[in-house]
Amino acid sequence: MIQQLLDRWKEEFGEVWGAKLGRAPGRVNLIGEHTDYNDGFVLPCAIEPAVWILARAREDTRICLVSLNYNERHESDVNDLHRGTELSWSDYLLGVVSVFQQEGYASGGWDAVIGGDVPLGAGLSSSAAVEVATGTVLREMFQLPMEDREMALLCQRAENMYVGVQCGVMDQFASTFGKVDHALLLDCRSLEIRQVPAHLKDTEIVICDSKVQRNLSGSEYNIRRAQCREGVHVLREKFGERICALRDASLDDLEMCRERMSDPVYRRCRHVMTENPRVLEGVRSLESGDPAKFGRLMLESHRSLRDDYEVSCPELDLLVDLAIECRGVAGSRMTGAGFGGCTVSLVERSCLDQFCAHVISRYARKTGREPEIYVTRPGSGAAIVDVF
Ligand code: GLA
């Protein structure tokens with residue numbers, strides 16, 4: 001990837017002298033889905049596939065961006081940033097510039113070549129990786145006095161405001177704070193982080209891409225958020241100010257309000273309220289080296305996302321069913337926003353070949369699609385890479 005970036009840079013901008021190289025990874029969420037925007041807990045880890053960006057400040061105010069993945073060049077002016085009617089890959093970078101500006105972090109013009117191997121639209125947070133890689137390199141080029149946490153939050157805001165997806169904080173935090181062989185326990189209310197060792201001895205983290213693009217997810221995602229807000233509203237009417245988010249209510253509280261909410265809203269709330277304790281239990285099982293326990297929690301999480309939150313799809317359910325038919329599989333679940341994208345499974349290393357053969361052949365036979373399988377270990381978070 002680095003060589004491709006350098007070659008393209010030479011074609012587009014000439015000498016590479018003085019350029020900075022930033023890298024930010026994608027993520028896979030082990031457990032804690034649709035909890036981040038409910039002030040809950042998540043447990044993602046950064047993965048090895050990443051977005052790379054080679055960038056250098058210019059003397060003027062032009063921003064010239066080149067994408068390897070799209071094989072396109074986009075030019076704009078730092079003093080005149082606006083989103084076009086169609087969302088473009090460049091919006092993910094310019095959104096970050098724009099949000100930084102709003103916060104008083106001024107930057108000038110710059111040139112960049114960006115590329116990466118995080119699959120696009122597969123639910124592994126390629127967009128957060130682009131935003132965080134951009135934030136990382138902007139901070140370095142223009143010497144912006146910004147801490148990691150603020151950067152991650154501003155990247156999230158860029159996605160909310162500039163790209164228009166009302167995502168929570170999980171993806172940008174995972175991409176920023178990932179640590180090799182660790183999962184990241186994030187309290188999405190306090191933003192407190194705990195690095196949890198996720199070195200599962202003989203067990204691998206296996207991602208299966210259903211190859212179903214998550215095209216519904218933008219609008220459905222925002223609908224789920226609205227339903228959670230509705231649940232909070234009803235709970236608050238009954239229990240008053242102690243309820244600020246679904247995090248603050250118990251299942252007993254929810255039962256007491258069941259008649260006052262629609263059935264879908266009730267089930268959305270129930271998913272979030274059962275998922276939060278699963279995350280904390282999952283952390284305990286990782287810490288005590290018990291992948292079997294963790295796997296059972298993953299399955300419960302999947303069922304809750306399928307039946308209560310209704311963000312799975314037949315292909316994801318099939319991948320989970322095929323996974324748990326295999327020997328050596330502790331657990332499996334959909335990961336990310338849902339409606340397509342990927343599952344994540346814990347698979348004993350010695351059973352990996354059988355797992356892949358079984359899942360690929362059966363999935364292809366039933367759906368006509370070839371799933372992509374990635375075996376990954378938790379990787380490191382965003383950084384400036386010294387290659388020159
Ligand atoms: C997407 C969002 C995250 C999170 C997940 C669901 O990945 O970007 O903030 O809400 O969906 O857990």
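The values are calculated or read from the model by the stated rules, or taken from the named source; none is laboratory data. Bear in mind the structure is a predicted one, so any value in this text is a computation, not a measurement. Cβ coordinates were reconstructed from backbone atoms using ideal geometry, including for glycine residues, and neighbour counts include every protein chain displayed. These accessible areas exclude ligands, DNA and RNA; they are computed on the full protein's heavy atoms, side chains included. Shrake-Rupley method; radii C 1.70, N 1.55, O 1.52, S 1.80 Å.
In this structure, does residue 86 turn out to be charged (D, E, K, R) and more than 16 Å from the ligand (Cβ to nearest atom)?
For residue 86, the condition - charged (D, E, K, R) and more than 16 Å from the ligand (Cβ to nearest atom) - is met.
Does residue 353 qualify as being of a type in the set (Asp, Glu), closer than 30 Å to residue 165 by Cβ and more than 21 Å from the chain's Cα centre (by Cα)?
no
Please state which one of 370, 348 is within 23 Å of residue 297 (Cα to Cα) and open to solvent by 30 Å² or more (accessible area, probe 1.4 Å).
Within the list 370, 348, the selection yields 348.
I'd like to verify a number: residues in the stretch 237-256 that are open to solvent by less than 20 Å² (accessible area, probe 1.4 Å) and touching a residue at least 24 places away in the same chain (Cβ under 8 Å), how many?
So the count comes out to 3.
With respect to residue 207, determine if the residue is surrounded by fewer than 16 Cβ atoms within 10 Å (Cβ to Cβ), among the hydrophobic types (A, V, I, L, M, F, W, C) and either in a loop (DSSP other than H, G, I, E, B) or within 16 Å of the ligand (Cβ to nearest atom) (or both).
no
Quick one: which residue in 94, 43 is at pLDDT 95 or above, within 16 Å of the ligand (Cβ to nearest atom) and either part of a helix (DSSP H, G or I) or open to solvent by less than 40 Å² (accessible area, probe 1.4 Å) (or both)?
So the residue among 94, 43 that is at pLDDT 95 or above, within 16 Å of the ligand (Cβ to nearest atom) and either part of a helix (DSSP H, G or I) or open to solvent by less than 40 Å² (accessible area, probe 1.4 Å) (or both) is 43.
For residue 190, all conditions in the list (1) small (Gly, Ala, Ser); (2) closer than 30 Å to residue 320 by Cβ; (3) assigned to a loop (DSSP other than H, G, I, E, B) hold save one; what is the number of the exception?
Just one mismatch for residue 190, condition (2).
Which members of the stretch 146-163 meet the condition of being at pLDDT 95 or above, assigned to a helix (DSSP H, G or I), open to solvent by less than 30 Å² (accessible area, probe 1.4 Å) and more than 13 Å from the ligand (Cβ to nearest atom)?
Listed by number, the residues that qualify are 151, 154.
Kindly evaluate residue 180 against the criterion of being within 16 Å of the ligand (Cβ to nearest atom) and in a loop (DSSP other than H, G, I, E, B).
no
Go through the stretch 226-265 and report how many residues are small (Gly, Ala, Ser) and in contact with a Pro (Cβ under 7 Å, 6 or more places away or on another chain).
Counting residues in the stretch 226-265 that are small (Gly, Ala, Ser) and in contact with a Pro (Cβ under 7 Å, 6 or more places away or on another chain) gives 0.
Of all residues in the stretch 319-332, which are surrounded by 19 or more Cβ atoms within 10 Å (Cβ to Cβ) and not small (Gly, Ala, Ser)?
319, 320, 322, 326, 329
Pick out the one residue from 143, 172, 166 that is open to solvent by 60 Å² or more (accessible area, probe 1.4 Å) and either within 14 Å of the ligand (Cβ to nearest atom) or of a type in the set (Phe, Trp, Tyr) (or both).
Going through 143, 172, 166 in turn, the sole match is 166.
One residue is enough: does the stretch 6-16 have a residue meeting the conditions without any contact (Cβ under 8 Å) to a residue 60 or more places away in the chain, away from the ligand (no atom under 16 Å from the Cβ), open to solvent by less than 10 Å² (accessible area, probe 1.4 Å) and more than 22 Å from the chain's Cα centre (by Cα)?
Scanning the stretch 6-16, I find no residue that is without any contact (Cβ under 8 Å) to a residue 60 or more places away in the chain, away from the ligand (no atom under 16 Å from the Cβ), open to solvent by less than 10 Å² (accessible area, probe 1.4 Å) and more than 22 Å from the chain's Cα centre (by Cα), so the answer is no.
Could you tell me which residue of the stretch 106-124 is most open to solvent (accessible area, probe 1.4 Å), considering only residues that are part of a loop (DSSP other than H, G, I, E, B) and touching a helix residue (DSSP H, G or I) at 6+ places or on another chain (Cβ under 6 Å)?
Here the residue is 120.
Given the criteria in contact with a Gly (Cβ under 9 Å, 6 or more places away or on another chain), of a type outside the set (Ser, Thr, Tyr) and open to solvent by 30 Å² or more (accessible area, probe 1.4 Å), does residue 315 qualify?
So residue 315 passes the test.
Report yes if some residue within the stretch 289-302 is part of a loop (DSSP other than H, G, I, E, B), touching a helix residue (DSSP H, G or I) at 6+ places or on another chain (Cβ under 9 Å), without any contact (Cβ under 8 Å) to a residue 24 or more places away in the chain and closer than 30 Å to residue 327 by Cα; otherwise report no.
There is at least one residue in the stretch 289-302 that is part of a loop (DSSP other than H, G, I, E, B), touching a helix residue (DSSP H, G or I) at 6+ places or on another chain (Cβ under 9 Å), without any contact (Cβ under 8 Å) to a residue 24 or more places away in the chain and closer than 30 Å to residue 327 by Cα.
Within the stretch 328-342, is even one residue basic (Lys, Arg), outside any helix (DSSP H, G or I), under 30 Å from residue 130 (Cβ atoms) and within 16 Å of the ligand (Cβ to nearest atom)?
Yes, that holds for at least one residue.
In this structure, does residue 49 turn out to be surrounded by 24 or more Cβ atoms within 10 Å (Cβ to Cβ), of a type outside the set (D, E, K, R) and part of a strand (DSSP E or B)?
no
For residue 115, are the conditions met, namely being within 16 Å of the ligand (Cβ to nearest atom) and either in contact with a Phe, Trp or Tyr (Cβ under 8 Å, 6 or more places away or on another chain) or closer than 16 Å to residue 163 by Cβ (or both)?
no
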